Every structure is written in C-alpha cells, then in structure tokens.
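The block underneath contains the structure these notes are about, expressed in structure tokens.
Computed from the coordinates by the stated procedures, all read-outs in this text should not be read as laboratory data. A quick note: this is a predicted structure, and the numbers were derived from the prediction, not measured. Positions of Cβ are backbone-derived with ideal geometry, glycine not excepted, and every protein chain shown enters the neighbour counts.
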Amino acid sequence: MNILFLDWPCFGRNDVLHYFKEENFNVTLFSHPDYDLRKSDNFISEANKIMNVTSFDFCFSYNYFPLLANACYSHNLKYISFVYDSPQVKLYSYTVTYPTNYIFLFDSELVRQFRKEGITTFYYMPLPVNAKKINTLLSKPYNKKRLSADISFVGSLYNEEHNLYDRLKNLPDYTKGFLDGILQAQSQVYGYNFMQECLTPSILNELQNSIQYKKNIDGVEPLSYIISDYFMSRKLTSTERIEYLTLISKQFSLKLFTSDPNATIGFCQNMGAADYLTETPYIFHDSKINLNITLRSIRSGIPLRCMEIMASGGFLLTNFQSDLLRHFTPDKDFVYFENKTDLLNKINYYLSNETEREKIAKSGYEKVLKHYNYKTIFHQIFATTD
C-alpha cells in the first residue's frame, strides 16, 4: 500500500508508523504548519503537489482535519482519520460529508448521533495500544520510588486559568444558576450526557451575548455543543476529579501526576507531570490501583488512559463508560465504580485483595494484547474502508 501520512505531533505517531513499516507499506510523510487551520491556500497547494505526483491508496491522520479532507476530496483520494481527542469541533465542519472520508471515533454514542443526522462517514473503533512496546519498556530500569503507588491518577485537573466556564462573565443570576443546576444534575449521572439538550434557546441567547461565539468558516457547530463540551464538560470534569481525589486521599495513599506541580489536592502527593513515553507505563504497571475519571465530553468511549493502563498490566478502576462493556467484562478485566461511596469501598476491597486484583489486571492485559493491538484494529479499519 501507498499511504500519505499527515505528520504532526500526535499521540500514537511512532506506533502507527512502526505498524505501517511492519506491514511493508510505503509511507510518505506530509507536514505543514497550517495543518490545523480551516483555510490555507498554501496548505492546499502543497498537498496538491504531492497528490499530483504520487498515487496513494489512502491518506491517514490522527484526528480529523478539514483542509486535508478538502485536498483528498478534490483528488478523489480516500481519507482515513482516527480521532482520539474529545471534544473535537472540527467534526462539525461541512467537509465531514465528503464521500472520500472514513472518520473513526472511539465514542460509539457520538457516532450514533452523527449517523442519526444522516452523516454516514463516521464509524466506531476503539483506540489501539502497543502493548508489546510497553512490555519491552517495562524490562528497563526506572525510578521505582517515584513511579510506584498504592493508588495513582495521571491526567489534567482542568483547573487552569483559561478554564472557559469560569470566564463566563456578566450572565444574569438566573442563567448562571441554571447552568450550575445542570452541572449538579449531570454530576449524579454517568453513561448519559444530557447537558447539551438542557440548554434552552433563551439560555443560549444569554450565553451568546456573553461570549459572542463565531462559527468556524466551514463550521456548522451549534452553540449548544460548544457550551456543553468546551465549557461545561471541562468544568464538571475538573470539579469531579478534584472532589474524588481529595476524598480518596483522606483515607488512602494517592499519587497525582498532573501538569500543575503546585496544585494542592487534599492529601495527594503531587508528583508533577509524568512523561507520556518514558514514565506513564511504569506508573500504570506499578500502581496497585489506577484511577480513570473520564472527561465528560466523552459520551460512551473508552479513554486512551484506560487502554494504556490495561496494556501496561495495570489494574483499572474507572467510572462507568458503556463502550467498556462492548469489549471487556467488569470485575474480570477491569472494575468500575458507580458513586463516591462505591469508589471508596472498591479501593478498600482491592487494596486488601491482592490476588484478585492481580488476576483482573492480568486478564485485562491479555485481552488488550490480543484484540486491541495496532494490527488487529487497523485490519478492522481496512475491512471497513475497502
């Protein structure tokens, strides 16, 4: 196969290129500083030069890029994109309707929503992981004192100064109270995200007056989506992560690996940021319990964190995500909690039951190794796109 690969600093870049090399595919790397823009004549011109000279079987990118979709469509070239980011406003570009697109999302509920609107270019696919590479890495020396833990959480707290929800200003008290009420109600429910549908026209009008949102030049994204996924989901995730971690740290030893080394969260031991390539596999492998608290814009999907915890042979304790049940068996491959009380009870139980905990971690690892490696996942993608 001849593949045109959009080269940008994405997760999984080296793993997918390694897989393509193992399959003896010919890969042409294409990079351009405007790849993330919605309009760039120079990007289109440079892409055209490559597509005019070489015949490709398909173009591939992690995440979806409208500019690349335009170039592929004009050349009738199949464009396969695998989206791992959430939220992803580019999916609301009119370009997603091009018949040359094959857009794979790891969130089946989001796929269902797009297909309900008659957009047939979206497909569901869980994210792959390179468990063999992780296993090789684990055989090398590492800082066991820093990277081992009873309980660990690796991820953002979404409490930065640019948190969009906290920057909503000059809203009427009723509107702010209405939004806070939605957040409070959603905090009691996992498995169904209802925030967007709760935003009434009058509330959205007040919000538009506040933020003056302008759609992207090729975009059809509704304001309700922007507010729910970029403002409210991140705010709720921040609140939940801080509350859960604070609660856990009062009773158990917990290490937090996050980008803000100065954040004080309960009695957590803040270890600062963990290097994605050289440290997180060790954390996942050497933590007795690895926590996942999903970003709320992910409706049903399995976050990459969950897949990588299992790929590292780690024990996964997560909130409920319905797509996990498509691929894994609760209490056999992983464990999920339903509320704060259940979370604390399960932490206490699995810290005290090492044999059962290690059996679950081993089962999750073996399933990921067999069914969710790059070769297996991409064979499914190729079968879909043929």
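Rounded, prolate or oblate, given the Cα gyration tensor of the chain, with a/c below 1.5 counting as rounded?
Because a/c hits 1.5 or more and a/b fails to exceed b/c, the chain counts as oblate.
Considering only DSSP states other than H, G, I, E and B, which chymotrypsin sites (Phe, Trp or Tyr not before Pro) in segment 16-98 qualify as loop sites with at most 16 other Cβ atoms within 10 Å?
Here the sparse-neighbourhood loop sites are F25.
Can you give the helix-only mean residue ellipticity at 222 nm for the chain, where every DSSP H stretch with n ≥ 4 adds -39500 (n - 2.57) and the sum goes over all residues, rounded to the nearest 500 deg cm²/dmol?
So the calculated ellipticity at 222 nm is -12000 deg cm²/dmol.
I need the trypsin sites (Lys or Arg not before Pro) found in segment 100-147, filtered to DSSP loop residues with at most 16 other beta carbons within 10 Å of theirs.
none
What aspartates and glutamates does K169 reach when the alpha-carbon gap must be under 15 Å and sequence neighbours fewer than 8 apart in one chain are set aside?
E161, D180, E206
By DSSP, what percent of the beta bridges with both residues in the chain are antiparallel, rounded to the nearest 5?
Approximately 5 percent, going by the DSSP bridge assignments.
Could the peptides 306-313, 192-199 be put in order, highest first, of the mean number of other beta-carbon atoms found within 10 Å of their residues?
Taking the mean over residues of other Cβ atoms within 10 Å, the ranking is 306-313, 192-199.
Using only alpha carbon pairs under 8 Å that are at least six residues apart, calculate the relative contact order of segment 132-371 and give it in whole percent.
So the answer I get is 23 percent.
Which pairs, out of K21/K370; K39/K214; K255/K288; K250/K362, put more than 23 Å between their alpha-carbon atoms?
K250/K362
Assuming a ≥ b ≥ c are the square roots of the Cα gyration tensor eigenvalues, decide whether segment 54-127 counts as rounded (a/c under 1.5), prolate (otherwise, with a/b larger than b/c) or oblate.
Prolate is the answer for segment 54-127, as a/c is 1.5 or above and a/b outweighs b/c.
Using +1 on the beta carbon of Lys and Arg, -1 on that of Asp and Glu, and nothing else charged, what's the dipole of the chain about the Cα centre, debye to 20?
Dipole about the Cα centre, nearest 20: 500 debye.
Using the Cα centre of segment 273-368 as origin and beta-carbon charges of +1 (Lys, Arg) and -1 (Asp, Glu), tell me which of T341, F284, S322 is placed farthest towards the positive end of the dipole.
Ranked along the dipole, the leading option is S322.
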